[in-house]
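*Asks:* Would you mind keeping the following structure in view while I ask a few things?
The values are calculated or read from the model by the stated rules, or taken from the named source; none is laboratory data. What you are looking at is a predicted structure, and each value in this text was computed from that prediction instead of being measured. Quick reminder, even Gly has a Cβ in these numbers, built from the backbone with ideal geometry, and neighbours come from all protein chains shown.
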């Protein structure tokens, strides 16, 4: 017998590529085109590394308290992790231990089935309607938990608060995770519902709207009891997940409301301009409340050909496989200048 | 039914406390008393936060390549994670999927049984001998894997390379993890054995000898195949675990061999001085090859009384519970000045 027989074998998630090419317009991983708050740079420049010899605060109080203040919650209602991937994976491990399958859409964040597989959680993928909308009736039957990205990725489509609440209400016996990674770009959060439903966990990230993907910061908001269970699991795997720069700089970014509003507003404006231009070029897409547009070209040229021609011009978008999405490309929103270049090149490619 | 029935309930690990008291002599969590390499401070001062808007490199090439260079290994033989806790937890999840119990000593790093519990891995704790040494015959039977801290914590005792190799050799059908968190303080590494044994995984950390506990950096060295399996699992949970400051500053610290040797040598010297003083005061302990001493007082006063009196004098040591260790306190090695104060206060307490 070989040790290989006991290996947990998985088909790993393939992250969007991070190529090192100069002057690249990188609109493939939904990063924010703007740098983080200038206050982050200021703190970084004044940072002393002397403290690095010590362990960080395992309770992450600096960051947790900042988020509690900013979102008017109690610190005990907040969990932080190494990006929302860490937060979501910890939630899956903590809450999804039933023999019944957990439910999520067939087209959604592509990590959900990966986590279910690695943690041996049974799951069922509920087909979206042809227009990429969620049929909430699909989430009313017996299940081991529900996870919904809202707005959904990569479609960009939002489910109304009323419908999200119906799903939470119909599933009081399991945990419902609402992944709000993109909510800050004009979406509507259901975070206030945590006062009404102890089975609701709302997950968010600093990687998009806070321009801090490079620091890896995610968080969850839920009732005290939910958060306590997650902390128990976290402390059983790695007590010190968040390093000192994440805790300090994350807190500073959280407090800078003004810059946050300025940059998210800017991304929204650029998105709306891009939508108009894409429509004029013959693309169609569901109405996006995120920092990306999931678009399909209605003319002759295939998606892959367009993407490949964009690539030749140093523009990278994200293409997913699968029958329902094979004609779509996900275009992250860059700066005005970048998007003007993208539209100009698309015009040239499609002419 | 309530959602609580499906919660993964665990008894979490309790990390050593991180109190915020001025002028505290904090020798309870084996932190390095010296700040990280001055080159880390220099890079930090010049750091631009602009890049933080982007995701870090999921392959962690900057840090992996630095470690490969420093330890003359191939980059494909190195795995990095958020502290050695992340690395070890990932290794447990990846390699320990047998129905047979994994084996580790009854007195060792207190996270091993916590990980086994959270991941539902059967385990058996093999009793150390009365002198805290490992009987290698305990690790020769059928098992699902072996994990050994060498030097062991909290005892500080080292198992000879010859004996470690015997354990690896007797267990070719499972993975043997050798946790070398403390090896840089005069211990002997078995890392060269990975060329001979594809079932050996050596795990290390930047938290002790590199003075970077606050950045959370751990790593594993093993054959390419082992590392590939770990990467698959890592990419299935969180593709971007290491944030940008960890990757950049970790690489810089790894390359600064001179500072590393200077500070580890200093800690070893201070440890040897402290051993002598503790012996004179009536303490006994196994010979430590780490940055701590696991000591028992042979006089009248109980351990808890000594620890509590030290605490009154703003000195915190670590005390573990359990029959075999209830008379011992773990004393991390601080600066010369700190250890002189500790010895002075102990003299006063015990007089």
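*Asks:* If we keep just the residues of the range B:130-164 that are away from every other protein chain (no Cβ under 13 Å), outside any loop (DSSP other than H, G, I, E, B) and touching a strand residue (DSSP E or B) at 6+ places or on another chain (Cβ under 9 Å), which is farthest from residue B:101 (Cα to Cα)? Let's see the steps before the verdict.
*Replies:* First, pick out the residues of the range B:130-164 that are away from every other protein chain (no Cβ under 13 Å): B:130-141, B:147-164.
Then drop every residue that is not outside any loop (DSSP other than H, G, I, E, B), which leaves B:136-139, B:147-149, B:161-164.
Now drop any that are not touching a strand residue (DSSP E or B) at 6+ places or on another chain (Cβ under 9 Å), which leaves B:138-139, B:147-149, B:164.
Numbers: B:138: 13, B:139: 11, B:147: 11, B:148: 14, B:149: 18, B:164: 19 Å.
Only one residue tops the list, namely B:164.
*Asks:* Identify, from the list A:65, A:99, the residue that is touching a residue at least 40 places away in the same chain (Cβ under 8 Å), farther than 25 Å from residue A:129 by Cβ and in a helix (DSSP H, G or I).
*Replies:* Values: A:99 fails: in a helix (DSSP H, G or I).
Only one candidate passes the filter, namely A:65.
*Asks:* Go through the range A:2-48 and report how many residues are in a loop (DSSP other than H, G, I, E, B), facing chain B (nearest Cβ under 9 Å) and either on the phi > 0 side of the Ramachandran plot or touching a helix residue (DSSP H, G or I) at 6+ places or on another chain (Cβ under 9 Å) (or both).
*Replies:* 20
Each row is one residue, and each column tells you yes or no for (1) over 30 Å from residue A:170 (Cα atoms); (2) touching a helix residue (DSSP H, G or I) at 6+ places or on another chain (Cβ under 6 Å).
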residue	(1), (2)
A:189	no, no
A:204	no, no
A:218	no, yes
A:258	yes, no
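*Asks:* Please state which of the following conditions residue B:59 fails to meet, knowing it meets all the rest: (1) under 24 Å from residue A:90 (Cα atoms); (2) in contact with a strand residue (DSSP E or B) (Cβ under 8 Å, 6 or more places away or on another chain).
*Replies:* (2)
*Asks:* For the structure I just gave you, tell me whether residue A:90 is in a helix (DSSP H, G or I), out of contact with any strand residue (DSSP E or B) (no Cβ under 8 Å at 6 or more places or on another chain) and either more than 10 Å from chain B (Cβ to nearest Cβ) or crowded, with 19+ Cβ neighbours inside 10 Å (or both). Lay out the reasoning, then the answer.
*Replies:* Details: in a helix (DSSP H, G or I): yes; out of contact with any strand residue (DSSP E or B) (no Cβ under 8 Å at 6 or more places or on another chain): no; either more than 10 Å from chain B (Cβ to nearest Cβ) or crowded, with 19+ Cβ neighbours inside 10 Å (or both): yes.
No.
*Asks:* Another question, if that's okay. Only one of A:95, A:104 is in contact with a helix residue (DSSP H, G or I) (Cβ under 9 Å, 6 or more places away or on another chain) and more than 7 Å from chain B (Cβ to nearest Cβ); which? Reasoning before the result, please.
*Replies:* Working: A:95 fails: more than 7 Å from chain B (Cβ to nearest Cβ).
Step by step, each of A:95, A:104 is checked, and only A:104 is in contact with a helix residue (DSSP H, G or I) (Cβ under 9 Å, 6 or more places away or on another chain) and more than 7 Å from chain B (Cβ to nearest Cβ).
*Asks:* Is it the case that residue A:259 is more than 19 Å from the chain's Cα centre (by Cα) and not in a helix (DSSP H, G or I)?
*Replies:* On the way: more than 19 Å from the chain's Cα centre (by Cα): yes; not in a helix (DSSP H, G or I): no.
When the stated conditions are applied, residue A:259 does not pass them.
*Asks:* Output the qualifying pairs, or none if there are none: Cβ atoms under 7 angstrom, residues six or more apart or on different chains, first residue in the range B:185-211 and on the phi > 0 side of the Ramachandran plot, second residue modelled with pLDDT of 95 or more and in a helix (DSSP H, G or I).
*Replies:* Close Cβ pairs (under 7 Å, with a partner that is modelled with pLDDT of 95 or more and in a helix (DSSP H, G or I)) amount to B:186/B:268; B:211/A:52; B:211/A:53; B:211/B:263.
*Asks:* May I pose another question? Go through (1) within 9 Å of another protein chain (Cβ to nearest Cβ); (2) touching a residue at least 60 places away in the same chain (Cβ under 8 Å) and name the single condition residue A:236 misses.
*Replies:* (2)
*Asks:* Sticking with this structure for a sec: Please find, among A:220, A:286, the residue that is modelled with pLDDT under 95, closer than 27 Å to residue A:85 by Cβ and in contact with a strand residue (DSSP E or B) (Cβ under 9 Å, 6 or more places away or on another chain). Break it down into steps so the answer makes sense when it comes.
*Replies:* Working: A:220 fails: modelled with pLDDT under 95.
Exactly one residue qualifies, and that residue is A:286.
*Asks:* Being surrounded by fewer than 22 Cβ atoms within 10 Å (Cβ to Cβ) and within 22 Å of the chain's Cα centre (by Cα) is the filter here, so list the residues in the range A:26-64 that pass it.
*Replies:* A:26, A:29, A:34, A:35
*Asks:* Search the range B:210-226 for residues being more than 7 Å from chain A (Cβ to nearest Cβ) and buried (at least 22 other Cβ atoms within 10 Å of the Cβ), and hand back the single one that is nearest to residue A:241 (Cα to Cα).
*Replies:* Of everything passing the filter in the range B:210-226, B:217 is nearest to residue A:241 (Cα to Cα).
*Asks:* Another one. Only one of B:80, B:70 is crowded, with 22+ Cβ neighbours inside 10 Å, more than 7 Å from chain A (Cβ to nearest Cβ) and either over 18 Å from the mean Cα position of the chain (by Cα) or within 27 Å of residue B:240 (Cβ to Cβ) (or both). Can you tell me which? Walk me through how you get there before you give the answer.
*Replies:* Numbers: B:70 fails: crowded, with 22+ Cβ neighbours inside 10 Å.
Only one candidate qualifies: B:80.
*Asks:* Checking residue B:75 against (1) at pLDDT 95 or above; (2) under 18 Å from the mean Cα position of the chain (by Cα), which single condition isn't satisfied?
*Replies:* Unmet condition: (2).
*Asks:* Kindly establish whether residue A:189 is within 14 Å of another protein chain (Cβ to nearest Cβ) and either crowded, with 23+ Cβ neighbours inside 10 Å or not in a helix (DSSP H, G or I) (or both).
*Replies:* Numbers: within 14 Å of another protein chain (Cβ to nearest Cβ): no; either crowded, with 23+ Cβ neighbours inside 10 Å or not in a helix (DSSP H, G or I) (or both): yes.
No, not satisfied.
*Asks:* Condition check: surrounded by 18 or more Cβ atoms within 10 Å (Cβ to Cβ) and at pLDDT below 95. Does residue B:175 satisfy that? Lay out the reasoning, then the answer.
*Replies:* Details: surrounded by 18 or more Cβ atoms within 10 Å (Cβ to Cβ): yes; at pLDDT below 95: no.
When the stated conditions are applied, residue B:175 does not pass them.
*Asks:* Can we say residue A:250 is at pLDDT 95 or above, buried (at least 24 other Cβ atoms within 10 Å of the Cβ) and under 27 Å from residue A:95 (Cα atoms)?
*Replies:* Details: at pLDDT 95 or above: yes; buried (at least 24 other Cβ atoms within 10 Å of the Cβ): yes; under 27 Å from residue A:95 (Cα atoms): yes.
Criteria met by residue A:250.
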